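The structure under discussion appears below in the form of structure tokens.
The values are calculated or read from the model by the stated rules, or taken from the named source; none is laboratory data. Computed from a prediction, not measured in an experiment: that's the story for all the values here. FYI the Cβ positions are ideal-geometry reconstructions off the backbone, even for glycines, and counts take in every protein chain you see.
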Amino acid sequence: MILVIVGPTGIGKTKLSIELAKELNAEVINADSVQIYKEVNIASAKIKKEEMENIKHHMLSTKSLKEKSTIYDFQKEGRKILDELLEKGKNIIIVGGSGLYLKALLYDYELEEEQEANNCYSELSNEELKNKVDIIYPKNNIHVNNRKRLVRFLNYYEKTGKIINSKTNKNEKKYNFKFVGLTTDRETLKRQVNNRVDEMIKEGLIEEVENLYKNNYPKLDQIIGCKELIPYFEKKISLDEAIEKIKSNTRKYLKRQYTWYNNQMKDIKWFNVDIENFDDTIKEVILYIE
């Protein structure tokens with residue numbers, strides 16, 4: 001059995017995954033695009049060792065921020081682990097936050113190994129990149145602020161002369177799995193996000209990110225919980241402003257997540273979580289998968 005758990009940060013995906021792993025004698029695969037980085041622990045809300053309860057976890061802290069790491073790498077390594085576990089007859093729980101990573105892992109989503117980026121693109125603004133993409137493929141839906149995707153599109157087109165992923169059937173499942181989604185009402189979700197960020201601050205988020213910033217680690221400007229603190233370290237904004245920005249960006253990210261799930265993954269079984277009585281949710285999910 002492959003069970004995939006999705007939902008916003010702070011709603012209980014980690015706790016549910018551990019309880020289900022114990023119930024099913026399963027191993028866990030991380031599908032969060034930031035938790036793969038070994039240096040980013042608090043900012044990514046990564047599960048702590050003591051929380052794992054001796055459950056084996058995969059695809060956690062496998063890369064350094066200083067290494068090249070793409071969605072192609074994740075797909076290749078994740079599918080290798082999936083296939084090996086299935087061959088052993090193991091039950092598998094995939095805990096996801098990154099919709100595109102889940103799609104790449106579980107669906108017929110063909111990717112090619114990315115080549116070194118064309119250096120000329122580094123000199124272009126987002127608007128100039130978007131204009132180039134629009135000329136090549138006017139029907140594209142890439143947002144002007146999604147620089148990474150714009151550059152990936154142009155590099156792929158330059159290398160192959162084709163539109164990236166134009167011939168893939170992204171909605172055909174490659175594996176047999178069940179989706180479980182955790183959700184709650186908007187006000188509770190907002191409160192959970194705020195509480196989670198406050199807890200991360202207490203756990204040492206500022207110190208974690210400051211150490212990475214001082215040591216010139218790359219990719220910090222792409223990670224929520226890190227990028228908002230950079231202006232604070234540069235004395236451009238106050239700490240309170242930076243913390244509020246983390247909360248605001250997290251809430252916006254959650255909205256985008258839900259939109260992705262609803263548009264791209266329509267067979268999710270959603271469970272409305274009672275935060276104060278989470279054990280009831282665990283029982284509901286167990287009944288559902290049995």
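A few remarks follow.
- Residue that is modelled with the highest pLDDT [pool: residues in the stretch 6-18 that are crowded, with 24+ Cβ neighbours inside 10 Å and among the β-branched types (Val, Ile, Thr)]: Val6
Each row is one residue, and each column tells you yes or no for (1) in a loop (DSSP other than H, G, I, E, B); (2) among the aliphatic types (A, V, I, L, M).
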site: Asn41; (1), (2): yes, no
site: Ile47; (1), (2): yes, yes
site: Glu53; (1), (2): yes, no
site: Lys66; (1), (2): yes, no
site: Ser69; (1), (2): yes, no
site: Tyr72; (1), (2): no, no
site: Glu77; (1), (2): no, no
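- Residues in the stretch 130-144 that are outside any loop (DSSP other than H, G, I, E, B) and polar (S, T, N, Q): Asn131 alone.
- Number of residues in the stretch 186-209 that are in a loop (DSSP other than H, G, I, E, B) and either free of Cβ contacts under 8 Å to residues at least 24 places away in the same chain or within 26 Å of Ile94 (Cβ to Cβ) (or both) equals 0.
Yes or no, residue by residue, for (1) surrounded by 16 or more Cβ atoms within 10 Å (Cβ to Cβ); (2) of a type in the set (A, V, I, L, M); (3) touching a residue at least 24 places away in the same chain (Cβ under 8 Å):
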| position | (1), (2), (3) |
| --- | --- |
| Ile2 | yes, yes, yes |
| Ile29 | yes, yes, yes |
| Glu50 | no, no, no |
| Asn91 | yes, no, yes |
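- Which numbered condition Asp185 misses (of (1) surrounded by 13 or more Cβ atoms within 10 Å (Cβ to Cβ); (2) at pLDDT below 95): (1)
- The single condition from (1) closer than 25 Å to Lys15 by Cα; (2) touching a helix residue (DSSP H, G or I) at 6+ places or on another chain (Cβ under 9 Å) that Lys236 fails is (1).
- No other residue among Gly181, Gly225, Gly204 is touching a helix residue (DSSP H, G or I) at 6+ places or on another chain (Cβ under 7 Å), of a type in the set (Gly, Ala, Ser) and closer than 30 Å to Glu67 by Cα apart from Gly225.
- Residues within the stretch 120-153 that are in contact with a Leu (Cβ under 7 Å, 6 or more places away or on another chain) and hydrophobic (A, V, I, L, M, F, W, C), tallied: 5
- Candidate set from the stretch 252-276 (those that are within 19 Å of Arg191 (Cβ to Cβ) and among the β-branched types (Val, Ile, Thr)); member that is modelled with the lowest pLDDT: Ile275
- For the stretch 234-248, the condition holds for at least one residue, the condition being that it is among the aliphatic types (A, V, I, L, M), farther than 25 Å from Leu102 by Cα and free of Cβ contacts under 8 Å to residues at least 12 places away in the same chain.
- Residue within the stretch 261-273 that is more than 22 Å from Ile94 (Cα to Cα) and either without any contact (Cβ under 8 Å) to a residue 24 or more places away in the chain or surrounded by 13 or more Cβ atoms within 10 Å (Cβ to Cβ) (or both) present: no
- For the stretch 44-72, filtering for residues that are among the hydrophobic types (A, V, I, L, M, F, W, C) and under 24 Å from Arg152 (Cβ atoms) leaves 3.
- Among the residues of the stretch 248-260, the one identified as surrounded by 17 or more Cβ atoms within 10 Å (Cβ to Cβ) and within 23 Å of Leu212 (Cβ to Cβ) is Thr250.
- Every residue from the stretch 79-97 that is assigned to a helix (DSSP H, G or I) and closer than 28 Å to Gly12 by Cβ: Arg79, Ile81, Leu82, Leu85, Leu86
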